[in-house]
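Trainee: Starting off with a structure, shown below.
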Amino acid sequence: MNPESSTLYVQSLATGIAVLDAFTAERASMSLPEIAAAAGITRSAAQRFAFTLEALGLLNKDPVTKRYSLSSRTLDSGCRYLESHPLLDRANPFLLELNRNAGETVNLAEPAGQDMIYIGRFPSPLRLLVHMPVGRRIPMYCSSTGRVYLAGLSDEEAYEALAACDRVKYTSNTLTDLDELMAQVRESREQGYAYCKEEYYRGDLALAVPVYDLNQRVVAGLQLSVSAAKWTVKRALSRFIPMMLETARQISTSPPTPRALAPFGGGAARDLHAQPPARPGGRKG
């Protein structure tokens, strides 16, 4: 069923979100006619929505040019998402430890439609190959995290997901053929890790291992990025995959934090870190 045909669907809310989504790096500021064209609405509708979004503090309006741009308030929802994310809350200490031990950039990414979106990041203290801020998306088919996520699916599900991607050839190394991509997914499933060498960014060698939930489903990918000029694939896999697998195991098996358990009752959260009862004689266990 098409959600838009439901009586519960609020078209005006959807249009307002479409106006916000129309702003991109290429369209950082827009006039009303440009907003109308980008969002697929009339100019009068663009005027009403822009006025309302400005009043709510979600858009800024330049007093001279009358052009609109996103305001910093649009970051609030994303920030709240990250602050309340139970997996990220649990993973961050382990990501930081891996970053310090490896000396390289460490990321955590989860699936978002046909992409993987970065929800956690600790940059290398020595070098930064690519500016990849939290919230940035990378296509699933040409990312190492995407391949370990697809490896956790059945062949049919993985093929369907890959077929739905608009498989752009970003570099000369980018794989776009479905059969070749499926071969990579199957190899990742067998080996327990994936890598992409300069498939999205030149100079980048990205390694990834899966992160599981309590039901042993792959829910995210732990990625480590190194310089393709400095590291061969063989050396990078030998050096980093063992420590990445251990980090992913710790993230996947660590008990939820008290904050993550809070919605399910304070008792469970308290019991998680409760001190053992004292033994006779005043000694603790």
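Trainee: It is to be established whether one or more residues within the range 46-55 are of a type in the set (Phe, Trp, Tyr), surrounded by 13 or more Cβ atoms within 10 Å (Cβ to Cβ), part of a loop (DSSP other than H, G, I, E, B) and modelled with pLDDT of 95 or more.
Mentor: Looking for residues that are of a type in the set (Phe, Trp, Tyr), surrounded by 13 or more Cβ atoms within 10 Å (Cβ to Cβ), part of a loop (DSSP other than H, G, I, E, B) and modelled with pLDDT of 95 or more, one finds none in the range 46-55, hence no.
Trainee: On to the next question. Out of all the residues in the range 139-170, which are open to solvent by 10 Å² or more (accessible area, probe 1.4 Å), of a type outside the set (Ser, Thr, Tyr) and under 17 Å from Gly221 (Cα atoms)?
Mentor: The answer is Pro139, Ala151, Gly152, Leu153, Ala161.
Trainee: Hey, another quick one. From the list Thr145, Thr174, exactly one residue is among the polar types (S, T, N, Q) and in contact with a Lys or Arg (Cβ under 9 Å, 6 or more places away or on another chain). Which is it?
Mentor: Thr174
Trainee: Checking Tyr9 against (1) in contact with a Pro (Cβ under 9 Å, 6 or more places away or on another chain); (2) closer than 30 Å to Val209 by Cα; (3) not charged (D, E, K, R), only one condition comes out false. Which one?
Mentor: (2)
Trainee: Determine, yes or no, whether Thr176 is over 18 Å from Leu222 (Cα atoms) and surrounded by 14 or more Cβ atoms within 10 Å (Cβ to Cβ).
Mentor: The answer is yes for Thr176.
Trainee: State which residue pairs qualify: first residue touching a residue at least 60 places away in the same chain (Cβ under 8 Å) and inside the range 70-99, second residue part of a loop (DSSP other than H, G, I, E, B) in any location, beta carbons under 7 Å apart, and separation of 6 or more residues or different chains.
Mentor: Final answer for the pair search is Pro86/Pro256; Asp89/Thr257; Arg90/Ser254; Arg90/Pro256; Arg90/Thr257.
Residues checked against (1) modelled with pLDDT under 95; (2) of a type in the set (Gly, Ala, Ser):
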{"residue": "Ser84", "(1), (2)": "yes, yes"}
{"residue": "Glu110", "(1), (2)": "no, no"}
{"residue": "Ile117", "(1), (2)": "no, no"}
{"residue": "Leu126", "(1), (2)": "yes, no"}
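Trainee: Val64: outside any helix (DSSP H, G or I), β-branched (Val, Ile, Thr) and at pLDDT 95 or above, yes or no?
Mentor: Working: outside any helix (DSSP H, G or I): yes; β-branched (Val, Ile, Thr): yes; at pLDDT 95 or above: yes.
Here the answer is yes, as Val64 does meet what is asked.
Trainee: I'd like to verify a number: residues in the range 193-228 that are among the small types (Gly, Ala, Ser) and either closer than 17 Å to Arg249 by Cβ or modelled with pLDDT of 95 or more (or both), how many?
Mentor: Summing the residues that are among the small types (Gly, Ala, Ser) and either closer than 17 Å to Arg249 by Cβ or modelled with pLDDT of 95 or more (or both) in the range 193-228 gives 5.
Trainee: Here's a check for you: in the range 11-45, which residue that is farther than 17 Å from Leu75 by Cα and outside any helix (DSSP H, G or I) is least open to solvent (accessible area, probe 1.4 Å)?
Mentor: Result: Met30.
The values are calculated or read from the model by the stated rules, or taken from the named source; none is laboratory data. Only a predicted model underlies this, so the values are computations on that prediction, with no experimental measurement involved. Backbone-built Cβ (ideal geometry, glycine too); neighbour counts: all protein chains shown. Each accessible area value is taken on the protein alone, full model and side chains, heavy atoms only, with ligands, DNA and RNA left out. Shrake-Rupley method; radii C 1.70, N 1.55, O 1.52, S 1.80 Å.
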